[in-house]
Amino acid sequence: MEDHIIKIFKESAQLKEIFLNENLGRLVNVIEAITGALKAGNKILIFGNGGSAADAQHLAAEFINRFVIERPPLPAIALSTDTSVITSIGNDYDFSEIFSKQIRALGQAGDVAWGISTSGKSPNVLKGLEMAGKMGLITVGLTGRDGGDIARNVDYFLNVPSNSTPRIQEVHIAIGHVICEMIDFKLFQRPEHK
Ligand SMILES: O=C(CO)[C@@H](O)[C@H](O)[C@H](O)[C@H](O)COP(=O)(O)O
Ligand SMILES: [Zn+2]
């Protein structure tokens, strides 16, 4: 049991390092893109399924409330939290449309659509990002495995190269926290981050 636990922690730590070694430049680009959208008065729409739905609402809360420094609230909405909206779209149309229809309702050109999928191929996340792209939103995909169709259909993707959903999710939330922290500093503090 102890050995197994140690193995999980090691894999999780190593995957963070592997991701960073391959993606630092891409991560900076995503941070610049989201910061630019917020500076221009746009908002962030974040969405995913299961653990990634939880990540979406976790990150939206960081933006709306506060993160590491005192600063004004930033506009972000998780599209995975309103059970009435999600069940009505899923029931009347199709579960694959639960995010795309919300994007149609809430998205405006220049906003950021940030989809999270460890497989890179959940149809509802893909359709949400495709709709966002058609409407002129900036599209960001946080993916795993080989990135799937999602990584191939977004303006910016950050892919965690692993086949383990929980290990990918652990890196995803670290990436999300880094994005929140850098945006805080870029918008509200530390000239060296600008
Ligand atoms: O949290 C976990 C597994 O760690 C699960 O709830 C997981 O998020 C769900 O199976 C999702 O439906 C997987 O979707 P995706 O990441 O492939 O888009
Ligand atoms: Zn999980």
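Bear in mind that the values in this text are calculations on the coordinates, not laboratory data. The structure displayed is predicted, hence computed values, not measured ones. Every residue, glycine as well, gets a Cβ built from its backbone with ideal geometry; the counts of neighbours run over all protein chains shown.
The GNM of the chain, with springs linking C-alpha atoms under 10 angstrom apart, assigns the highest mean-square fluctuation among GLU97, GLU181, GLU70 to GLU70. Under 10 Å, Cα contacts only: if you run a Gaussian network model on the chain, which one of PHE63, PHE99, PHE47 comes out with the highest mean-square fluctuation? Looking only at PHE63, PHE99, PHE47, the largest GNM fluctuation is found for PHE63.
3J(HN,Hα) along segment 154-169: 10, 5, 9, 10, 10, 10, 9, x, 8, 9, 9, 4, x, 5, 4, 4 Hz, from the Karplus curve 6.51 cos²θ - 1.76 cosθ + 1.60 with θ = phi - 60°, whole Hz, x for Gly and Pro. Taking label points 7 Å from Cα along the Cα-to-Cβ direction, ILE5 and GLU181 give a separation of 2.6 nm. Here the peptides 153-161, 170-178 are ranked by packing, the mean other Cβ count within 10 Å, and the order with the highest first is 153-161, 170-178.
Determine, from the Cβ-Cβ distance of ALA33 and ASP92 and an R0 of 35 Å, the FRET efficiency 1/(1 + (r/R0)^6), rounded to the nearest 0.05. Result of the calculation: an efficiency of 0.55. Segment ALA13..SER164, full-extension length gain: 53.0 nm, with 0.36 nm per residue of separation and the alpha-carbon distance subtracted. For segment 2-193, taking the reciprocal of the average inverse distance between every pair of different Cα atoms yields a Kirkwood hydrodynamic radius of 16.8 Å.
Largest first, the extents of the alpha carbon coordinates of segment 131-185 on the three principal axes equal 32, 32, 12 Å.
Placing unit charges on the Cβ atoms only, positive for Lys and Arg and negative for Asp and Glu, gives the chain a dipole magnitude near 400 debye about its Cα centre. Relative to one another, the C-alpha centroids of segment 1-41 and segment 65-121 are positioned 21 Å apart. Could you work out which residue, out of LYS127, LYS39, LYS16, moves most in a Gaussian network model of the chain, that is, has the largest mean-square fluctuation with Cα springs under 10 Å? Comparing LYS127, LYS39, LYS16 in the GNM, the peak value goes to LYS39. On the basis of the beta-carbon distance and an R0 of 22 Å, GLU22 and LYS121 show a calculated FRET efficiency of 0.60. Scalar couplings 3J(HN,Hα) for segment 24-29, obtained by applying the Karplus form with A = 6.51, B = -1.76, C = 1.60 to θ = phi - 60°, are 4, x, 4, 5, 4, 4 Hz; x denotes Gly and Pro. In terms of Cα to Cα distance under 20 Å, which lysines are near enough to LYS101, apart from those fewer than 8 places away along the same chain? Leaving aside lysines fewer than 8 places away in the same chain, those within reach of LYS101 are LYS43, LYS121, LYS127, LYS134.
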